[in-house]
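*Asks:* To start, I am sharing the structure in question, which I have written as structure tokens.
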There are 2 protein chains.
Amino acid sequence: MNSTIKDVARKANVSIATVSRILNNKTGFSEKTKIKVLRAIEELGYQPNALARGLINKNTQTIGVLIPTVSNMFSYEILSGIEKHANDLGYSVIVCNTADDGERTINYLQVLSEKRVDGIIIVSEFIREEYYKILTDMNVPVVLVSSISFQFPIPYAKVDDRHAAFSATDYLIKKGHTKIAMIAGNTSDPIAGLPRIEGYRAAHHSHGLPVNDDFIIDCRTFTHTAGMEAMEEILQKKLDVTAIFASSDELAAGAMSVAYRKGIKIPDQLSIIGYDNTKLAEMLIPSLTTVAQPLYDMGIVAATMLFEMKETGEVTQTQSRIMNHCIVERETVRSLL
Amino acid sequence: MNSTIKDVARKANVSIATVSRILNNKTGFSEKTKIKVLRAIEELGYQPNALARGLINKNTQTIGVLIPTVSNMFSYEILSGIEKHANDLGYSVIVCNTADDGERTINYLQVLSEKRVDGIIIVSEFIREEYYKILTDMNVPVVLVSSISFQFPIPYAKVDDRHAAFSATDYLIKKGHTKIAMIAGNTSDPIAGLPRIEGYRAAHHSHGLPVNDDFIIDCRTFTHTAGMEAMEEILQKKLDVTAIFASSDELAAGAMSVAYRKGIKIPDQLSIIGYDNTKLAEMLIPSLTTVAQPLYDMGIVAATMLFEMKETGEVTQTQSRIMNHCIVERETVRSLL
DNA sequence: CATTCCAACGTAAACGTTTACGTTTTTTGC
DNA sequence: GCAAAAAACGTAAACGTTTACGTTGGAATG
């Protein structure tokens with residue numbers, strides 16, 4: 001395994017240039033020498049050194065992926081899509097779990113920069129100015145997944161959150177619900193928080209329904225425990241609701257478990273709809289009706305965009321993609337009609 | 001960003017050797033030149049090229065992780081532990097989703113070999129001879145997580161599956177259950193399958209209880225749907241059981257959802273205990289009693305072992321680690337006493 | 001003041017590739 | 001059979017680092 005192209009060349013009685021030509025199937029060698037070289041490679045167990053290759057070719061066949069949380073099924077379905085498509089095209093992916101920590105993120109970007117990755121995909125993360133500076137300095141394609149930057153021109157693949165939240169709320173309303181609480185995740189999050197609240201509001205308006213701000217529960221995160229706390233808040237405040245729209249499946253699951261403990265039957269006494277359609281949604285009992293983001297596909301699409309940009313050399317501009325969402329009807333929403 | 005150490009040297013009026021010395025804080029330069037060079041680096045936005053470094057230092061500060069399935073929370077809690085510890089020590093991790101596909105796995109190993117990763121962690125995967133050949137040729141540390149090889153001397157970090165399964169079954173028996181089914185996952189899997197069945201058997205024996213082979217359900221995988229099918233089989237066969245031990249949380253979740261649909265109350269009419277203690281276990285309703293593998297810690301420990309091996313240069317031998325398991329009592333097991 | 005020593009640097013080779021350019025050999029055309 | 005063209009191959013520079021070794025100059029020593 002320590003053998004180099006030089007060893008191969010010596011063993012096959014040719015120059016390293018010829019070996020290189022054969023390895024990269026260029027022209028300029030005869031069939032005879034080709035098999036001679038191939039045999040030498042075989043016998044030595046030679047593996048080309050990707051570092052040396054990358055150094056001279058200025059590409060590493062490697063991309064970096066920044067993901068905030070790991071406990072989150074959400075991120076990993078996306079990652080899985082990215083990894084799949086990258087691998088299909090001969091790229092490796094380096095995962096970086098930013099843990100929503102700015103310092104860490106910057107450090108990761110630095111490392112990815114030093115490692116000369118060919119591109120970067122950033123999953124549901126707000127792009128700070130510091131990040132953007134590093135990214136532009138790197139001069140490689142970048143794409144956002146399930147996120148968007150209003151400040152910087154970075155292409156993205158995401159669903160229309162406002163629209164999706166509208167659909168979810170509209171769905172509940174059409175099932176006869178008029179008193180709908182929203183477990184909103186982080187309301188100060190301009191990407192995954194606010195637009196969904198807007199959608200919730202807009203759906204009410206479109207049906208001529210008032211919205212009661214007390215019905216919108218802010219929990220600064222999208223986790224299971226946050227969902228539990230939100231549900232407890234709803235119960236404690238004795239909000240008079242027949243349905244809940246939760247900003248993530250985990251939030252919904254948390255709410256459901258509290259409801260279960262309090263003896264509230266879902267969907268008989270309370271309907272609930274989630275967001276994301278992670279694997280969790282189908283595993284819950286009862287299984288969770290939810291608005292589906294095509295997470296895996298979003299990963300694929302993001303990777304596709306990235307490599308497209310790399311091909312064309314257009315590091316900054318490519319067409320962003322709004323992915324389709326849809327409602328997956330399961331067992332947690334009851335019709336009041 | 002295209003600036004090299006040469007540019008820095010020129011700008012600071014020193015040789016590249018001096019710049020290198022400063023970058024790697026070796027000795028042999030004055031404080032004065034240090035700040036001069038540091039300023040030049042700052043102004044140029046210079047980033048050292050990890051490829052060139054790796055080429056000459058023969059290390060890449062990168063490790064590879066092979067994981068079978070992605071849909072599986074299990075794998076990712078481990079990955080998360082690995083990534084955390086690797087990053088803390090200045091390493092990047094390349095993820096490779098083998099998808100239980102031998103071809104793919106070999107291809108991944110080849111790529112990791114070409115990229116000259118400093119070590120490889122393999123998560124719950126059987127080590128074929130072909131893999132092992134590539135691995136030894138690479139001459140880097142390898143460690144297994146949640147797996148073991150009887151054939152090859154590769155250190156591992158895992159729980160004692162037999163013992164853990166024993167504990168789970170024993171727990172049920174001590175709660176007064178005597179008619180216990182086992183949803184066994186893949187029974188022909190010598191690593192995660194058989195030992196757990198042995199544990200199940202041993203617990204029965206230790207209490208003088210007979211085991212009915214019909215009570216052991218083989219479903220060739222550890223997924224949610226497999227759990228559903230297994231539960232349906234149990235019901236269809238009208239097995240007279242009061243409790244179920246499932247070989248994974250997902251299996252348990254699948255079984256629970258079928259039970260729910262059939263109107264079987266858990267734990268009132270049927271107790272169930274899972275395996276793994278993934279996040280799923282606490283999100284289920286009712287929350288799942290399960291035997292916990294310290295997945296995140298297993299990731300950490302595996303990484304620790306890997307880097308230890310790298311330090312000591314002992315590529316093959318290091319102490320394997322049997323991780324502690326424990327029963328996490330939640331809501332799905334009822335005492336019959 | 002001459003010698004020694006050491007800190008502070010510079011030079012150049014090495015890591016393992018790719019590739020432009022030059023050289024040799026073979027093929028083609030007449 | 002010979003010139004020309006094409007194919008096959010070799011040489012060496014380049015990619016961006018690290019580092020062994022050599023050089024310089026000033027401080028310390030006697």
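Since every read-out is calculated from the coordinates, none of them should be taken as a lab result. As the structure is a computational prediction, the values presented were derived from the model and not from experiment. A quick note on method: Cβ atoms are made from the backbone with ideal geometry, for glycine too, and the neighbour counts reach across all protein chains shown.
*Asks:* Using only DSSP helix segments of four residues or longer, with each worth -39500 (n - 2.57), what per-residue ellipticity at 222 nm results for chain B after dividing by its residue count and rounding to 500?
*Replies:* Values: 13 runs with 153 residues, N = 337.
Theoretical 222 nm ellipticity from helices: -14000 deg cm²/dmol.
*Asks:* Additional query: Classify the protein assembly as shown as rounded, prolate or oblate from the Cα gyration tensor: take a ≥ b ≥ c as the square roots of its eigenvalues, call it rounded if a/c is under 1.5, otherwise prolate when a/b beats b/c and oblate if not.
*Replies:* Working: a/c = 2.20, a/b = 1.35, b/c = 1.63.
In terms of gyration-tensor shape, oblate.
*Asks:* Would you mind working out the magnitude of the charge dipole of the stretch A:5-48 relative to its Cα centre, with +1 at each Lys and Arg C-beta and -1 at each Asp and Glu C-beta, to the nearest 20 Debye?
*Replies:* Details: 9 positive and 4 negative charges, 31 e Å.
Computed charge dipole of the stretch A:5-48: roughly 140 debye.
*Asks:* Please report, in debye to the nearest 20, how large the charge dipole of the protein assembly as shown is about its Cα centre when each Lys and Arg carries +1 at its beta carbon and each Asp and Glu carries -1 there.
*Replies:* Details: 70 positive and 78 negative charges, 375 e Å.
Magnitude of the dipole: close to 1800 debye.
*Asks:* Per 0.36 nm of contour for each residue apart, how much would the distance between residue B:25 and residue B:139 grow if the chain were fully extended, relative to their Cα-Cα spacing? Don't jump to the answer; show the numbers that get you there.
*Replies:* On the way: separation 114, 0.36 × 114 = 41.04 nm, distance 2.91 nm.
Going from the current span to full extension adds 38.1 nm.
*Asks:* Follow-up. Only residues of the stretch B:122-142 count here: report those whose backbone N is under 20 Å from the spot 7 Å along Cα→Cβ of residue B:312, or say none.
*Replies:* The answer is B:122, B:136, B:139-142, whose backbone nitrogens lie closer than 20 Å to the label point.
*Asks:* Can you give me the relative contact order of the stretch A:184-337 as a percent, contacts being Cα pairs under 8 Å and 6 or more apart? Don't skip to the answer; put the middle values down first.
*Replies:* Working: 226 pairs, mean separation 29.1, N = 154.
For the stretch A:184-337, the relative contact order is 19 percent.
*Asks:* Could you tell me which of A:151, A:206, A:89 has its Cα farthest along the dipole of chain A towards the positive end, charges placed at Cβ (Lys, Arg +1; Asp, Glu -1), taken about the Cα centre?
*Replies:* Ranked along the dipole, the leading option is A:89.
*Asks:* Also, quick follow-up: Excluding same-chain residues fewer than 8 positions from residue A:179, which lysines have a Cα within less than 16 Å of its Cα?
*Replies:* Partners found: A:237, A:238.
*Asks:* Could I ask something else about it? Shortest first and in nm to one decimal, what separations exist between residue A:313 and its copies in the other chains, measuring from label points 7 Å along the Cα-to-beta-carbon line?
*Replies:* With the label placed 7 Å along Cα→Cβ, residue A:313 yields 4.8 nm.
*Asks:* Here's a follow-up. What is the magnitude of the charge dipole of the stretch B:89-155 about its Cα centre, with +1 placed on the Cβ of each Lys and Arg, -1 on the Cβ of each Asp and Glu, and no other charges, expressed in debye to the nearest 20? Don't skip to the answer; put the middle values down first.
*Replies:* Details: 5 positive and 9 negative charges, 36 e Å.
Computed about the Cα centre, the dipole is about 180 debye.
*Asks:* I would also like to ask the following. Taking a point 7 Å out from Cα toward Cβ as the label site, list the nm distances between residue A:212 and the same residue in every other copy, smallest first.
*Replies:* The answer, with the shortest distance listed first, is 5.3 nm.
*Asks:* Let me ask you something else. With the Cα gyration tensor of the stretch B:161-293 giving a ≥ b ≥ c as the square roots of its eigenvalues, does the rule (a/c under 1.5 for rounded; else a/b larger than b/c for prolate; else oblate) give rounded, prolate or oblate? Each step should come with its number before you reach the end.
*Replies:* Numbers: a/c = 1.29, a/b = 1.18, b/c = 1.10.
Judged from the Cα gyration tensor, the stretch B:161-293 comes out rounded (a/c under 1.5).
*Asks:* Hey, which of these cross-link pairs are over 28 Å Cα-Cα: A:32/B:58; A:133/B:6; A:262/B:279?
*Replies:* Details: A:32/B:58 34 Å; A:133/B:6 23 Å; A:262/B:279 22 Å.
Result: A:32/B:58 exceed 28 Å.
*Asks:* Provide an ascending nm list, one decimal, of label-point separations from residue A:153 to the equivalent residue in each further copy; define each label point as 7 Å from Cα along Cα→Cβ.
*Replies:* When each copy's label point is compared with this one, the spacings are 6.1 nm.
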